[in-house]
């Protein structure tokens, strides 16, 4: 099920009601101000081998903020601030969920960093990548401190997967800075179709946001037969 406009509208209402308990932001509150800062941003590096990668835990979660101090890179889909991580050094399969939280709504409405996830090998070549169409609305959990956001999940099996690094960024097209189409563009046809369908009706995109990356062991299939 794709993120529907109606569902996103209900999320905005939830964000407004929870605004008082939301943590402070390390970037401008108004979407227009964020885009103005983004317009002055320059690329930090020539290629992903120059990125600083933060280690992820073998199990549990890590929080990150993409803000005005974060590096930016000229991805195939355009310039975007990003967060970069080193995947855990484990031998068993796990699932990795990347969740981006909605920014609290002010007078001019809520916004969100639409996360694209790229997995790279140890030579910094992209192995797998998500698209906007992979994002799922994840409501706040029924626990204290739960927050609503957009999430994407990827399975990783170290036995067959050579992924070593994780990069989270957002397409420049979401920020009104779409580049010309190029070979190898990271905006998939499905993502481009998503943009055409949603247009200005979707929750406004932000170049900055708060992320949570969760690592959980892959659960064995129920009823699987063990062999000696």
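The values are calculated or read from the model by the stated rules, or taken from the named source; none is laboratory data. All of these numbers come straight from a predicted model, not from anything done at the bench. So basically every Cβ, Gly included, is an ideal-geometry build from the backbone, and we count neighbours across all protein chains shown.
Only one residue in 105, 110, 29, 22 is modelled with pLDDT under 95, under 22 Å from residue 140 (Cβ atoms), surrounded by 19 or more Cβ atoms within 10 Å (Cβ to Cβ) and over 17 Å from the mean Cα position of the chain (by Cα). Which one?
Checking each option against the conditions leaves just 105.
Scan the range 80-102 residue by residue and report those that are over 15 Å from the mean Cα position of the chain (by Cα) and farther than 12 Å from residue 213 by Cβ.
Once the filter is applied, which keeps residues that are over 15 Å from the mean Cα position of the chain (by Cα) and farther than 12 Å from residue 213 by Cβ, the range 80-102 yields 89, 90, 91, 92, 93.
Out of (1) at pLDDT 90 or above; (2) assigned to a loop (DSSP other than H, G, I, E, B); (3) more than 23 Å from residue 112 (Cα to Cα), what's the single condition that is false for residue 182?
Among (1) at pLDDT 90 or above; (2) assigned to a loop (DSSP other than H, G, I, E, B); (3) more than 23 Å from residue 112 (Cα to Cα), residue 182 violates only (1).
Look through the range 207-225, keep the residues that are modelled with pLDDT under 85 and under 26 Å from residue 88 (Cβ atoms), and return whichever of them is surrounded by the fewest Cβ atoms within 10 Å (Cβ to Cβ).
Only one residue tops the list, namely 222.
What is the residue count in the range 38-63 for residues that are surrounded by 15 or more Cβ atoms within 10 Å (Cβ to Cβ) and within 22 Å of residue 161 (Cβ to Cβ)?
Going through the range 38-63, the residues surrounded by 15 or more Cβ atoms within 10 Å (Cβ to Cβ) turn out to be 38, 41, 44, 48, 51, 53, 56, 62.
Narrowing further to those that are within 22 Å of residue 161 (Cβ to Cβ): 48, 51, 53, 56, 62.
Count: 5.
Can you pull out every residue in the range 45-66 that is within 17 Å of residue 99 (Cβ to Cβ) and within 17 Å of the chain's Cα centre (by Cα)?
54, 56, 61, 62, 63, 64, 65, 66
For the range 121-163, which fully contained strands (runs of 3 or more DSSP E) count at least 1 residues that are at pLDDT below 90?
136-138
Only one of 80, 91, 49 is touching a helix residue (DSSP H, G or I) at 6+ places or on another chain (Cβ under 8 Å) and touching a residue at least 60 places away in the same chain (Cβ under 8 Å). Can you tell me which? Working first, answer last.
Numbers: 91 fails: touching a helix residue (DSSP H, G or I) at 6+ places or on another chain (Cβ under 8 Å); 49 fails: touching a helix residue (DSSP H, G or I) at 6+ places or on another chain (Cβ under 8 Å).
Selected residue: 80, the only one of 80, 91, 49 that is touching a helix residue (DSSP H, G or I) at 6+ places or on another chain (Cβ under 8 Å) and touching a residue at least 60 places away in the same chain (Cβ under 8 Å).
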